[in-house]
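Student: Handing you this structure, nothing more for now.
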Amino acid sequence: MATIHIAPSFTAGVALHRALSAAGAECTILADLDDLSHGPIDAQSLRRHSSGRLFSHVTAREEHSRHIAWLPAYGRWDPRFIDLDTPTVFWFGRRSAEEMCSMLYFASAAEGRPWSFIDVTESNDHGHVAATSPSELELLIDSQVPVDDTLSAELAERWRILQHENAPFRVLTGSALTSVPEDYFDRLLLQHTPTLPTPMSRVIAETMGRAPSGPVADYVLRGRLIELIAEGKIAAEGNPSTMESCLLYRVGI
């Protein structure tokens, strides 16, 4: 019977596709294209994006195809992909807020329906699917753990709490997701912005490497840098919307 494998990001989906193709699996892969670790996640906000075709799927029978055909899905975690007849496996790692948010959202959508998960956390030092090699993922195929009703309800409730808080960011503190304010990354960004003009890409890369809460996307930090520029805490030479050509430096020290 064909299985649906769900990846918590597009990068994770590409790696998972290669792993499942190498294993000769016959399945469908869905990749979450929306990073739910930042921005509003209240029900109204999610409904506004529910028809945005934010997911893609491929069949792993396209073995080692150079051009993978990712096709639009029907929207955010359409329940039609979760049914009694089709095994559904969600892949995630506990060291990525993006992957944890994706898993919890899926759990809320899948509540009352059968599904399983594969947790890649202990498979390597990175602890999330997007940074796990296809060869490492291949070793985990068929290691899924079924989600019982108790765990399903617990995961769905965790997501509802985060939705109620509806914070600008959700980060990992230890093994738990925590809602934090919009200036959460500002101190770290300021620490890695020198007084001499420095490429924005370097500031972002160094901040990404020091973030105590785990992986954070470069576009998230770029958005905060733009806010700090608007507040006059950082000066910019060039267009801040273009990381490669923009130089930043601290002011008012």
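Student: For the stretch 1-22, how many residues meet the condition of being crowded, with 17+ Cβ neighbours inside 10 Å and part of a loop (DSSP other than H, G, I, E, B)?
Tutor: 2
Student: Of these, Ser37, Ser108, Ser50, which one is in contact with a Lys or Arg (Cβ under 8 Å, 6 or more places away or on another chain), at pLDDT 90 or above and open to solvent by 20 Å² or more (accessible area, probe 1.4 Å)? Quick ask: steps written out before the conclusion?
Tutor: Numbers: Ser37 fails: open to solvent by 20 Å² or more (accessible area, probe 1.4 Å); Ser50 fails: at pLDDT 90 or above.
None of the other options fit; the residue is Ser108.
Student: Looking at the stretch 197-253, which of its residues are open to solvent by 60 Å² or more (accessible area, probe 1.4 Å), polar (S, T, N, Q) and either touching a helix residue (DSSP H, G or I) at 6+ places or on another chain (Cβ under 7 Å) or in a strand (DSSP E or B) (or both)?
Tutor: Matches in the stretch 197-253: Asn239 only.
Student: Then there's this: Could you tell me which of the residues Asp42, Asp78 is open to solvent by 10 Å² or more (accessible area, probe 1.4 Å), of a type in the set (Asp, Glu) and modelled with pLDDT of 85 or more? Before the answer, list the steps.
Tutor: Working: Asp78 fails: modelled with pLDDT of 85 or more.
The unique qualifying residue is Asp42.
The values are calculated or read from the model by the stated rules, or taken from the named source; none is laboratory data. From a predicted model like this one, the values you see are computed outputs, not experimental measurements. Backbone-built Cβ (ideal geometry, glycine too); neighbour counts: all protein chains shown. Heavy atoms of the whole protein, side chains included, go into the accessibility calculation; ligands, DNA and RNA do not. Shrake-Rupley method; radii C 1.70, N 1.55, O 1.52, S 1.80 Å.
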